[in-house]
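Data block below; observations after.
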Amino acid sequence: MLVLFSCKSDDNGSNVTDPDSGSTPVSAFDEFNPDAVTVSFDGDEITIESNGLPNHTSPYWEETNPLYIEPVIAVALTPGRIGGDRSYSLTVPTSPQIASTSTATGLGAIGISVTGVPIFNDLEGPNRPLEEVIVETFDYAGAHNGPSGYHYHIESYDVPENTELSYDDEKLIGIMSDGFLLYGRREMDGAYPNDLDESGGHLGATQHSGDEEFYHYHIVNEFYLGNVIALFAGDLQGTPNAIF
């Protein structure tokens, strides 16, 4: 359920835009799965809460679940199923700022996707980058199960079963722990951005901001391993907030 309480605005009722990195456009949160995610605005803060249950099919659902499908990408499945008593909460500023120094991401959730599923980085364990044996466990959504539950590592695949998720397009992926939004590989005009920083970020407008520019990330249009593209493999350019 999506709940909007209040947002930072100017005298004309529009979002206040910071001259440096801009304010997060409120309309972006309309993209989040209302069955999994609750978004609340309180003054200068946004809180995103999720139960981690996606609104798309996967072989990681229990076979009795209507969203269960046989694997179409995964060669092997990791133990466990989608579900259980999971919850994720992230509170970020409405106008996140670029930090003086970037911050490397760690293991575990580094963002929350529009489906409600947490976003992970390009590591499978301490000092262990994603390998072919790990990639073989990902479903078409670019996710698998782990001790912390079902989570995404890579961009989804271009298969007929994928009717919800971004693949080589401009769709919103989610929000990172530093408060900046993450979009797909393309701009809203269909072009690949050519001014991204080392984390895939830049100042620009999106389908959610009209003509207003704000800092946001894109999936970097580079293959990470084989035909795999990581959702986020760089440092966070803002100040990270805890996801718990």
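The values are calculated or read from the model by the stated rules, or taken from the named source; none is laboratory data. A quick note: this is a predicted structure, and the numbers were derived from the prediction, not measured. Note: ideal-geometry Cβ built from the backbone for every residue, glycine included; neighbour counts use all protein chains shown.
Does any residue of segment 92-111 turn out to be within 17 Å of Thr57 (Cα to Cα), touching a residue at least 24 places away in the same chain (Cβ under 8 Å) and in a loop (DSSP other than H, G, I, E, B)?
no
What's the total number of residues in segment 115-174 that are in contact with a Lys or Arg (Cβ under 9 Å, 6 or more places away or on another chain) and surrounded by fewer than 17 Cβ atoms within 10 Å (Cβ to Cβ)?
3
Please work out which one of (1) among the small types (Gly, Ala, Ser); (2) out of contact with any Gly (no Cβ under 6 Å at 6 or more places or on another chain); (3) part of a strand (DSSP E or B) is the condition Gly174 fails and give its number.
(2)
Report yes if Gly43 is among the small types (Gly, Ala, Ser), within 23 Å of Glu124 (Cα to Cα) and touching a Lys or Arg at 6+ places or on another chain (Cβ under 9 Å), otherwise no.
Taking the combined requirement at face value, the residue does not satisfy it.
Is segment 62-77 home to any residue that is at pLDDT 95 or above, crowded, with 19+ Cβ neighbours inside 10 Å, part of a strand (DSSP E or B) and not aliphatic (A, V, I, L, M)?
no
Among Ile219, Ile154, Ile243, which is the only one that is modelled with pLDDT of 95 or more, in contact with a helix residue (DSSP H, G or I) (Cβ under 8 Å, 6 or more places away or on another chain) and either among the aromatic types (Phe, Trp, Tyr) or over 19 Å from Asp30 (Cβ atoms) (or both)?
On inspection, the qualifying residue turns out to be Ile154.
For Arg81, which of the numbered conditions (1) crowded, with 22+ Cβ neighbours inside 10 Å; (2) closer than 23 Å to Val159 by Cβ fails to hold?
(1)
Among the candidates Glu187, Glu212, Glu155, single out the residue that is touching a strand residue (DSSP E or B) at 6+ places or on another chain (Cβ under 9 Å) and without any contact (Cβ under 8 Å) to a residue 60 or more places away in the chain.
Glu187
Table: residues versus (1) farther than 21 Å from Ala233 by Cα; (2) in contact with a Leu (Cβ under 9 Å, 6 or more places away or on another chain).
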{"site": "Met188", "(1), (2)": "yes, no"}
{"site": "Leu196", "(1), (2)": "no, no"}
{"site": "Gly204", "(1), (2)": "no, no"}
{"site": "His208", "(1), (2)": "yes, yes"}
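Starting from segment 133-149, keep only residues that are closer than 15 Å to Ser166 by Cβ, then list their pairs with residues that are surrounded by 23 or more Cβ atoms within 10 Å (Cβ to Cβ) and aromatic (Phe, Trp, Tyr) whose Cβ atoms are within a distance under 6 Å, requiring at least 6 positions of separation or different chains.
As it stands, the answer is Gly142/Tyr152; Ala143/Tyr150; Ala143/Tyr152, since those pairs meet every condition given.
Being closer than 15 Å to Phe138 by Cα and either free of Cβ contacts under 8 Å to residues at least 24 places away in the same chain or not hydroxyl-bearing (Ser, Thr, Tyr) (or both) is the filter here; which residues of segment 55-72 pass it?
Of everything in segment 55-72, those that are closer than 15 Å to Phe138 by Cα and either free of Cβ contacts under 8 Å to residues at least 24 places away in the same chain or not hydroxyl-bearing (Ser, Thr, Tyr) (or both) turn out to be His56, Pro59, Trp61, Tyr68, Ile69, Glu70, Pro71, Val72.
Can you pull out every residue in segment 177-199 that is among the charged types (D, E, K, R) and in a strand (DSSP E or B)?
Of everything in segment 177-199, nothing turns out to be among the charged types (D, E, K, R) and in a strand (DSSP E or B).
Going by the conditions given, is His202 crowded, with 16+ Cβ neighbours inside 10 Å, within 12 Å of the chain's Cα centre (by Cα) and part of a strand (DSSP E or B)?
No; evaluated as a whole, the condition is false for this residue.
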